[in-house]
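A short write-up of the structure that comes next.
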Number of protein chains: 2
Amino acid sequence: MVVSRRGAPSRAPRGLSKTPDHRILVGDCVNEMSKLPAGSVDLIFADPPYNLQLASDLKRPDDSHVDAVTDDWDKFASFAAYDAFTKEWLTACRRVLKPAGTIWVIGSYHNIFRVGAIMQDMGFWILNDVIWRKTNPMPNFRGRRFTNAHETMIWASRDPNAKGYTFNYEALKAGNDDIQVRSDWTFPLCTGSERLKGADGKKLHPTQKPEALLARVILSSSKPGDLVLDPFNGTGTTGAVAKKLGRRYIGLEREKKYASAAEKRIADVEVVPSPSIAPFMTAREAPRVAFASLIERGLVSPGAKLTDSKKRHKAIVRADGAISVGETVGSIHRVGALVQGLDACNGWSFWHVETPKGLMSIDDLRAQVRSEMALLEAAE
Amino acid sequence: MVVSRRGAPSRAPRGLSKTPDHRILVGDCVNEMSKLPAGSVDLIFADPPYNLQLASDLKRPDDSHVDAVTDDWDKFASFAAYDAFTKEWLTACRRVLKPAGTIWVIGSYHNIFRVGAIMQDMGFWILNDVIWRKTNPMPNFRGRRFTNAHETMIWASRDPNAKGYTFNYEALKAGNDDIQVRSDWTFPLCTGSERLKGADGKKLHPTQKPEALLARVILSSSKPGDLVLDPFNGTGTTGAVAKKLGRRYIGLEREKKYASAAEKRIADVEVVPSPSIAPFMTAREAPRVAFASLIERGLVSPGAKLTDSKKRHKAIVRADGAISVGETVGSIHRVGALVQGLDACNGWSFWHVETPKGLMSIDDLRAQVRSEMALLEAAE
DNA sequence: CGACCCTCTGAATCACGTT
DNA sequence: CAACGTGATTCAGAGGGTC
């Protein structure tokens, strides 16, 4: 069972749960989503169909059928049909998404501009557009355009100014040689043994995405135990990677052929060892330690002298946990800002104290307190 | 005299012409375009306001202020207002464009989806979307998103199935080591001496584009002697590059300050004797390979054990590309430094992994990825 | 003159919990 | 719900000064 390190499991224990952790529902995605509870999904990944043939299976806003894409008029008619289709499934997605959930949509220039504009109009808030750079794109045979070597993903929160969405910044950065991950990602196409084949030995699905792409999506914007939904399940890449990474999954798929292939695929997936995906404590999430508690624990004495690392500024520690420079009294942050003439300052990293081992930042002393606290908690 | 490559001069001989080859018209771009003859322009490059929306100011971690775009021209009341503005200038552009002319529009995720959808609705036909990958983007200071490291350009013809638009495929390919030019281009920001400065020594314009970007746009989709138009002239980068490459130019600019600076700039430009493409097709950078990509490519598994060459230290590989020793999680470099009690460590040479061929440094695995990438690129 | 260090800056939708 | 206080957070490159 996947458990967050700091508290309750994010789902019911397996024995009590009536629904499996990974399931594919066969049917129209809008219809299937209508049966799911609102605000229940942590992360959505959607790879909607975007060729005009598929759009032609859809209906115009006036409910008439679009039956051909042969002439220009119908090309524009199918834009309208495509927009209506897009609004419909995005509306259903927005309903099932948790307030702090986020959604990824992938597309090419044929559809991504329409999708992006509609998402903005619906109230989604774009966090990033991310480019998948293909290392091995299909060349442009006729030499009339640039090689179409990328696809675009939109990553958005449900609402403007959504608070608390998941972005595993520190882990991503650590996996990227300590440099923050950019909005352009480079991956090869899904080929070789990863590509699902039909009975005829041909590729089963025309747009199967590489697992590496999904892995970065899921690792960046969800936590173990989270519920991931893919309204256009296809070969189940999202589900396979979600399971591998310890996330729960619901895939929606209209065609039984794909649904059953995906089910087999997901069933065969083994979950990676849990330590390799366990959440870890980031600086942001670390428990608060007041400066006063350093004094209470005897790590800093009232009356001690604080300086910055270059000893340009001095402050005196008060018994109450405030510090003073001349007549000025305030928190480590406020006084640190004041002496530097800045609006803000992180007092923990700015101020240092002389110790037998040399000058030490009070942040290092705080780390001592935190590790003591962790030991105490473990002993409980 | 500048002539079209394939025959007749594309304009009147200089002695008879009343209009200069390179000019800037001061005024609202829609109004100014209404005075130009229909179907007279070969290529449009447009860098419209992006409609950036956050008013609150952003600071770097060192508390310095980020000089963002806060100009009035980038303020719109709503998406609807921005859409109306976009439709207006695009309509004017479409009128002045020749039937075989093409248009480029650059933007970011704030506006490009709206612009693209409107272009499609108006009947423009998208030929490519092209990504400008910035080598040196501004980082994400708060660590809440991916580094916004690219902008998107839409390249479109006036009509669906437009015949005879200019695309200098062979020349581009020849200038790119005989490989088709892809839809993702890598260039640095416009900085240093190329960046126009005001009297105060600060940047004159907040959004000046690099000349290398415009050079590739103009070289790819226009011919010498062609008329290039930029409805949002700004500092005149489009005009300067157009002149350098032997194209004619009309720039439209509302603010006199920018118009006069651009006029001086363009006047100083010398036309290159025979436009050669090679200098603009910058070499591809050596690919940077992150530790996470070894996992993504299956060379290292999540949960695998890393050791140093003498097997004194052990670490576990996480799915996200970080590694862990006990409760400690971090990059290969940071954790390598920690276990050795050092300030720094090159994780690539320090950590090894057990393979069928014996203990192998992860640096050797990285070399494998690099050679695979080189092979794939060469095979394009 | 090079090596090294410090400073500055670039189209950016860049917290969050408590009171 | 607004105001407030704490405190977490950056990459590449240009340019200038010093040793």
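Some notes on this structure:
- Calculated P(r) of region B:291-379 - Cα pairs past 16 Å, %: 51
- Helix B:362-379 vs. chain B, principal-axis angle (Cα, 0 to 90°, nearest 10): 30
- Here chain B has an Rg and Dmax of 25.3, 84 Å, counting Cα atoms alone.
- Candidates per GluC sites (Glu not before Pro) in region A:239-273, loop by DSSP, up to 11 other Cβ within 10 Å: A:270
- Region B:291-379 - charge dipole about Cα centre, Lys and Arg +1 at Cβ, Asp and Glu -1, debye rounded to 20: 320
- Charge-dipole axis of the protein assembly as shown as Lys and Arg at +1 and Asp and Glu at -1 on Cβ define it, positive-most pick from B:188, A:279, A:85: B:188
- For region B:27-124, applying the loop criterion from DSSP together with a ceiling of 15 other beta carbons within 10 Å to the trypsin sites (Lys or Arg not before Pro) yields B:35, B:75.
- Accessible-area rank, largest first, for B:105, A:269: A:269, B:105, with all protein chains present and a 1.4 angstrom probe.
- Shielding of peptide A:217-227 by partners, expressed as the average count of other chain Cβ atoms within 10 Å per residue Cβ, is 1.
- Projected label points at residue B:60 and residue B:26, each 7 Å from Cα along the beta carbon direction, are separated by 3.6 nanometres.
- Value of relative contact order over chain A, rounded to a whole percent, pairs C-alpha under 8 Å and six or more apart: 15
- Averaged over peptide B:174-183, the number of partner chain Cβ atoms lying within 10 Å of each residue's Cβ comes to 4.
- Calculated over region B:201-278, the projected area of the Cα convex hull averaged across directions stands at 5.3 nm².
- For the protein assembly as shown, dividing the convex hull volume of the Cα atoms by the residue count gives 202 Å³ per residue.
- With label points defined 7 Å past Cα in the direction of Cβ, position residue B:197 shows copy-to-copy spacings of 6.4 nm, given to one decimal and shortest first.
- Each copy carries residue B:87; placing its label point 7 Å along the C-beta direction from Cα gives inter-copy distances of 1.5 nm, listed from smallest up.
- Assigned charges on the beta-carbon of Lys, Arg, Asp, Glu; chain B dipole about Cα centre (debye): 460
- Annotation for residue B:142, label-to-label distances across the other copies: 4.6 nm (shortest first, one decimal, point 7 Å from Cα along Cα→Cβ).
- Modelled spin-label separation between residue A:324 and residue A:197, with each label point placed 7 Å from Cα along the Cα-to-Cβ direction: 8.1 nm.
- Buried area at the A:B interface is about 7000 square angstrom, summed over both chains, from accessible surfaces computed with a 1.4 angstrom probe.
- Farthest toward positive dipole pole in region A:291-379 [+1 Lys/Arg, -1 Asp/Glu at C-beta], among A:325, A:369, A:295: A:325
- Partner lysines whose Cα lies under 16 Å from the Cα of residue A:87, excluding those fewer than 8 positions away in the same chain, are identified as A:59.
- Average partner coverage of A:135-145, which counts Cβ from other chains inside 10 Å: 5
- Taking the C-alpha atoms only, the angle from helix A:72-96 to the longest principal axis of chain A is near 40 degrees.
- Alpha carbon centroid spacing (whole Å) that separates region B:282-345 from region B:148-188: 38
- Here residue B:244 is the anchor, and the aspartates and glutamates within straight C-alpha reach of less than 15 Å, apart from those fewer than 8 places off in the same chain, are B:21, B:194, B:211, B:226, B:263, B:268, B:270.
- Separation in nanometres of the label points that stand 7 Å from Cα toward Cβ, at residue A:141 and residue A:349: 5.5
The values are calculated or read from the model by the stated rules, or taken from the named source; none is laboratory data. Values in this document were obtained by computation on a predicted structure and should not be read as measured data. As a convention, Cβ positions derive from the backbone with ideal geometry for all residues, glycine included, and neighbour counts pool all protein chains shown. We work out accessible area using only protein heavy atoms, side chains counted, and drop any ligands, DNA or RNA first. Shrake-Rupley method; radii C 1.70, N 1.55, O 1.52, S 1.80 Å.
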